[in-house]
Amino acid sequence: MASSAEPVEDKLVALASIAAELHSVMGVVWSVSLAGKNAKVISAQAGDKGRGFRPITESIDEISQQAIRGVDEISSEALRLSKIAVHEQRSIDAYKRFNSVIKKDADAKHIKSITPAVKKVEENMRASMFEFKKSMNHLTLLLETMDQCMLSARAVASVSRIVTSSGQEYRDKLTVVSNDLDKAASYIKQRLLNSYRHLNNVNVLRQKEI
């Protein structure tokens, strides 16, 4: 029989995997942010010739900042969910232990004396389960928001290629930025897909305990 520690350890491993996925993303996001700022400098240097690219560079910078905030929020929520998972597992284990005692000695005189404690443990369990579900939903929403951000990034990359194809001077440098943004968005989307899988594993493991 598996020990009660194993399920929560498995859930924590899955949540830690999300943090690891996002940690690898952060370096890419910062690179895109730097590239976006460089693109703004390049378009400014181009003067009137770079005017058409300026809205694109503003979008790149905005997307990279949004991605940085998103990574921070996802990492924080994954950590919070890890703590809730531990508390939830402990409350479930406590509730099961009390119920086991009650079933074994249902007619014992002392059973009524522990009823208030059982009720309190059950309330704590339900509260922690509610918090877990709430945090899970929030983390899912954050991942979905980041996913939408990356869809926007790929759209901006496509538009920027059209804009730079009509230019002459500085075109090569700005095209590199566009290509890098597209590659970064593809990489991040893959990490997000992995994170969704880890989060689904957490939910599957949790359902086995409830």
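What follows is calculated from the coordinates using simple rules that are stated; it is not laboratory data. Treat the numbers as computed from the prediction; the structure is a model and nothing was measured. Cβ atoms come from the backbone with ideal geometry, glycine included; neighbour counts cover every protein chain shown.
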**Item:** Per-selection Rg to Rh, the stretch 9-70 - Cα, Kirkwood hydrodynamic radius
**Value:** 1.26
**Message:** As a footprinting exposure proxy, order GLU21, GLU88 by other Cβ within 10 Å, with the fewest listed first.
**Reply:** GLU21, GLU88
**Complete:** Residues ILE42, ILE74, ILE102 in order from fewest to most other beta-carbon atoms within 10 Å are ILE102, ILE42, ILE74
**Request:** Quickly estimate the mean residue ellipticity at 222 nm for the chain, helices only: each DSSP H run with n ≥ 4 gives -39500 (n - 2.57), and the total goes over all residues, rounded to 500.
**Result:** -32500 deg cm²/dmol
**Fill in**
For the stretch 5-209, the Cα-Cα pair-distance distribution in 5 Å bins from 0, as whole percents, is 1, 7, 14, 14, 11, 9, 9, 7, 6, 5, 4, 3, 3, 2, 1, 1, 1, 0, 0
**Span-rule helices in the chain, defined as complete DSSP H runs reaching 20 Å or more along the axis (Cα) with Kyte mean at least -0.5** = 5-45, 115-165
**Message:** Sort MET125, MET146, MET26, MET136 by Cβ crowding within 10 Å, fewest neighbours at the top.
**Reply:** MET26, MET136, MET125, MET146
**Asked** Given the options GLY70, GLY27, GLY47, which has the most mean-square fluctuation in a GNM of the chain, springs set between C-alpha atoms less than 10 angstrom apart?
**Response** GLY47
**Message:** Let me spell out the model: positive unit charges on the Cβ of Lys and Arg, negative unit charges on the Cβ of Asp and Glu, origin at the Cα centre of the chain. What dipole size does that give, in debye rounded to 20?
**Reply:** 460 debye
**Asked** Taking the Cα centre of the chain as the origin and placing charges on Cβ (Lys, Arg +1; Asp, Glu -1), which of VAL28, THR145, TYR187 is farthest toward the positive end of the dipole?
**Response** THR145
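So which of LYS96/LYS133; LYS11/LYS103; LYS96/LYS120; LYS83/LYS183 end up more than 23 Å apart, counting from Cα to Cα?
Result: LYS11/LYS103; LYS83/LYS183 exceed 23 Å.
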